[in-house]
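This report concerns only the one structure given below.
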Amino acid sequence: MKHILFLSLLLLVVISFISCKTLNKNVSYSEMLGQASVQAQKLISDAEYETCKQGDRKQFEGVILKNNLWGKSKLKNPDQAVLCSFKKEDLFGWKWQLPNNAGGVIGYPALQVGRNPFENGESNVAALPVPVFEIKRLSVQYDVETHVKNKKYNLAFDLWLADVREYSLENIKTEIMIWEDYFDFTSFGKKVATIISPFGTYDVLEGHLDNPKFSQDWQYIAFVRTVPRTKGEVDISFFLKYLVSKGMISTEHYFTSIEFGNEIGNSSGFTMVRQFDWQLEKN
């Protein structure tokens with residue numbers, strides 16, 4: 001009798017543990033929205049455009065909104081991954097829910113100008129691509145609001161350099177990321193320096209991405225801000241000039257595009273982009 005009672009209690013403990021783990025996966029968007037601004041609440045609840053389809057991309061006056069869950073195939077149960085993107089007036093955003101066992105980067109919902117080397121067709125802006133040597137200044141002003149549960153994410157720019165103007169996947173030479181905000185995420189690569197820019201201090205990491213499954217074979221460089229932020233101005237040309245001075249990139253390579261969004265892992269949450277303005281000055 002005592003043996004049966006012990007097993008029953010053990011079973012209850014196991015069930016409770018499993019239930020807690022399941023609850024930890026679930027997102028209370030109503031709870032997170034309750035902490036959000038009125039703008040963010042309206043973006044999610046009353047969007048003019050909404051999509052939850054993997055890979056959807058929609059252009060709005062020179063800016064592409066990308067519902068990108070590129071790493072979904074890495075999950076044991078891909079159907080558990082949810083990503084939806086929204087637009088309302090001048091606001092963009094996305095919400096996501098990933099399972100607790102998600103490892104590494106699963107998606108990168110983002111705004112984009114230009115065409116990255118993974119895509120076909122023409123660039124959506126006439127100014128890109130542009131050779132690195134022609135870039136005098138390339139600045140971006142941004143302002144985002146993010147609410148995350150479990151908090152495995154970053155807020156980052158993703159930039160690509162190719163060796164020819166009419167580029168494709170095999171022409172990728174360098175991927176450059178600029179991390180502005182992050183939690184519980186570590187960038188790929190080995191730290192090689194720390195630099196001070198006019199807009200903040202960044203650790204510099206470098207490595208080579210080589211993963212045939214995802215067609216990766218290129219140099220990777222990350223600038224990770226030492227004090228995270230969600231609003232500010234970034235002069236991308238400052239980083240390009242630094243890399244040229246160190247012999248890490250070629251001035252002859254083509255800068256293809258600017259992407260700005262959240263790399264997402266084991267987390268759930270949403271982001272609203274209040275501002276994403278970019279300006280290119282050529283030599």
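Taken together, the values in this text are just the output of simple stated rules run on the coordinates, not laboratory data. Everything quoted here is computed from the prediction, not taken from an experiment. Here the Cβ is made from the backbone with ideal geometry for all residues, glycine too, and neighbour counts use every protein chain on show.
Based on Cβ point charges of +1 for Lys and Arg and -1 for Asp and Glu, what charge dipole magnitude is obtained for region 26-282 about its Cα centre, in debye rounded to the nearest 20? Intermediate results must be reported in sequence, preceding the final value.
On the way: 29 positive and 33 negative charges, 109 e Å.
With Lys and Arg at +1 and Asp and Glu at -1, about 520 debye.
Taking the empirical scaling 2.2 N^0.38 Å for compact globular proteins as reference, region 25-125 has a Cα radius of gyration ratio of 1.15.
Listing His147, His208 from the residue with the fewest other Cβ atoms within 10 Å to the one with the most, what is the order?
On the way: His147 20, His208 11.
In increasing order of surrounding Cβ atoms, one gets His208, His147.
Kirkwood's formula applied to the C-alpha pairs of the chain gives a hydrodynamic radius of 20.2 angstrom. Remark on Tyr49: its backbone amide H falls under 5 Å from those of Lys87, a criterion applied only to residues 5 or more positions apart or on other chains, H modelled at 1.01 Å from N.
Each Lys or Arg adds one and each Asp or Glu subtracts one; over the other residues with Cβ under 12 Å from the Cβ of Trp179, this totals -3. Shape class of region 39-90 from the Cα gyration tensor (axes a ≥ b ≥ c, square roots of the eigenvalues): oblate, since a/c reaches 1.5 or more and a/b does not exceed b/c.
At 10 °C and 1.306 mPa s, grab the translational diffusion coefficient of region 94-215 from Stokes-Einstein with a Kirkwood Rh over Cα pairs, rounded to a whole number in µm² per second. Write down the numbers at each step before the final one.
Working: Rh = 17.0 Å.
Here the translational diffusion coefficient equals 94 µm²/s.
Which entries in the list Lys173/Lys246; Lys66/Lys136; Lys87/Lys149 go over 19 Å, if you measure between the two C-alpha atoms of each? The partial results should precede the final answer.
Numbers: Lys173/Lys246 16 Å; Lys66/Lys136 28 Å; Lys87/Lys149 22 Å.
Over 19 Å apart, Cα to Cα: Lys66/Lys136; Lys87/Lys149.
Between 0 and 90 degrees, the angle of helix 2-25 with respect to the longest Cα principal axis of the chain falls at about 30 degrees. Note on the chain: with a GNM built from Cα contacts shorter than 10 Å, the maximum mean-square fluctuation among Gln80, Gln112, Gln219 falls on Gln80. Which is the longest stretch in the chain that no exposed loop site breaks, taking sites as trypsin sites (Lys or Arg not before Pro) with a DSSP loop state and at most 16 other Cβ atoms within 10 Å? Result, exposed sites excluded: 77-150.
Taking amide H as placed 1.01 Å from N in the peptide plane, the amide H of Ser257 sits under 5 Å from that of Trp160, each at least 5 places away or on another chain. Once you order the gyration tensor axes a ≥ b ≥ c over the Cα atoms, which shape class does region 178-247 get: rounded for a/c under 1.5, otherwise prolate or oblate by comparing a/b with b/c? Oblate.
With the charge dipole of the chain set up from +1 on Lys and Arg Cβ and -1 on Asp and Glu Cβ about the Cα centre, the Cα lying farthest toward the positive end among the listed residues Asn67, Met32, Thr194 is that of Met32.
Rank these for me by crowding, Met272, Met248, Met32, going from fewest to most other beta carbons within 10 Å.
Numbers: Met272 24, Met248 16, Met32 20.
Listing Met272, Met248, Met32 from fewest to most nearby Cβ atoms yields Met248, Met32, Met272.
Phi-derived couplings, Karplus 6.51 cos²θ - 1.76 cosθ + 1.60 at θ = phi - 60°, listed residue by residue for region 167-173: 9, 9, 4, 6, 8, 5, 10 Hz, with x used for Gly and Pro.
The distance separating the Cα centre of region 129-145 from that of region 220-234 comes to 14 Å.
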